[in-house]
Amino acid sequence: MSGNPFETRATPEERAAAIKAANQRRQDDEYLRQSLKSRAGRDFFWRLLERCHAFETSYQAGSFDMTAFREGERTLGLMIIAQILRVAPEAWMQMMQERSSKIAVPERKDEEEEYEDG
């Protein structure tokens with residue numbers, strides 16, 4: 001079966017499963033779209049992507065196991081990015097802009113003192 005619920009060779013069970021999966025995907029897309037409308041939602045997803053090491057290399061020198069583990073985390077992060085880009089590409093652009101504005105400002109007090117000391 002090709003995943004098309006209206007394919008003539010599909011059994012009634014396969015058609016029902018495909019329709020259920022399509023409905024679930026639409027519902028998930030709407031939940032994501034709504035979450036990304038708020039700053040808190042966008043921040044949550046950015047932190048999740050950072051925890052998944054989506055913006056880093058997975059390679060860990062001398063540790064095949066750790067490299068494989070981190071690649072699994074990174075793959076999940078890349079899947080989330082792909083879904084965001086498919087559902088709300090404008091939110092992805094906004095997330096990057098919000099993150100770049102955070103990077104320019106020191107996050108900890110001791111970092112601010114370091115900048116003042118020169």
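Is it the case that region 13-22 has a residue that's in contact (Cβ under 8 Å) with a residue 40 or more places away in the chain, surrounded by 12 or more Cβ atoms within 10 Å (Cβ to Cβ) and either touching a strand residue (DSSP E or B) at 6+ places or on another chain (Cβ under 6 Å) or in a helix (DSSP H, G or I) (or both)? Explain how you work it out, then say what you get.
Initially, region 13-22 is screened for residues in contact (Cβ under 8 Å) with a residue 40 or more places away in the chain, giving none.
Looking through region 13-22, none of the residues is in contact (Cβ under 8 Å) with a residue 40 or more places away in the chain, surrounded by 12 or more Cβ atoms within 10 Å (Cβ to Cβ) and either touching a strand residue (DSSP E or B) at 6+ places or on another chain (Cβ under 6 Å) or in a helix (DSSP H, G or I) (or both).
Residue by residue through region 86-105, note down the ones that are among the small types (Gly, Ala, Ser) and either at positive phi or part of a helix (DSSP H, G or I) (or both). Quick ask: steps written out before the conclusion?
Let us first name the residues in region 86-105 that are among the small types (Gly, Ala, Ser), namely 88, 91, 100-101, 104.
Those that are among the small types (Gly, Ala, Ser) and either at positive phi or part of a helix (DSSP H, G or I) (or both): Ala91, Ser100, Ser101.
Taking only region 39-74 into account, find how many residues are of a type outside the set (Phe, Trp, Tyr), closer than 24 Å to Arg99 by Cα and in contact with a helix residue (DSSP H, G or I) (Cβ under 9 Å, 6 or more places away or on another chain).
Adding up the residues that qualify gives 15.
Starting from residues that are of a type in the set (Ser, Thr, Tyr) and either surrounded by fewer than 13 Cβ atoms within 10 Å (Cβ to Cβ) or touching a Pro at 6+ places or on another chain (Cβ under 8 Å) (or both), keep the ones in region 28-38 and report whichever is farthest from Ser101 (Cα to Cα). Talk me through it step by step, then tell me what you get.
First pass over region 28-38, keeping only residues of a type in the set (Ser, Thr, Tyr): 31, 35, 38.
Okay, now just the ones that are also either surrounded by fewer than 13 Cβ atoms within 10 Å (Cβ to Cβ) or touching a Pro at 6+ places or on another chain (Cβ under 8 Å) (or both), so 31, 38.
Working: Tyr31: 26, Ser38: 17 Å.
Ranking the qualifying residues of region 28-38, first place goes to Tyr31.
Cβ contacts < 7 Å: first residue acidic (Asp, Glu), restricted to region 50-64; second residue surrounded by fewer than 12 Cβ atoms within 10 Å (Cβ to Cβ) and part of a loop (DSSP other than H, G, I, E, B), any location; separation 6+ or different chain. Result?
Cβ pairs passing all conditions: none.
Are any of the residues in region 50-61 at pLDDT 95 or above and among the polar types (S, T, N, Q)?
Checking region 50-61: not a single residue is at pLDDT 95 or above and among the polar types (S, T, N, Q).
When region 42-85 is examined, which residues are found to be polar (S, T, N, Q) and either in a helix (DSSP H, G or I) or touching a strand residue (DSSP E or B) at 6+ places or on another chain (Cβ under 6 Å) (or both)? Step through it out loud before you land on a result.
Here is the first cut: in region 42-85, the residues polar (S, T, N, Q) are 57-58, 60, 63, 67, 75, 83.
Thr67, Thr75, Gln83 - these are the residues of region 42-85 that are polar (S, T, N, Q) and either in a helix (DSSP H, G or I) or touching a strand residue (DSSP E or B) at 6+ places or on another chain (Cβ under 6 Å) (or both).
The values are calculated or read from the model by the stated rules, or taken from the named source; none is laboratory data. Quantities reported herein were computed from a predicted structural model and do not represent experimental measurements. Neighbour counts are summed over all protein chains in view; Cβ atoms, including those assigned to glycine, are modelled from backbone coordinates with ideal geometry.
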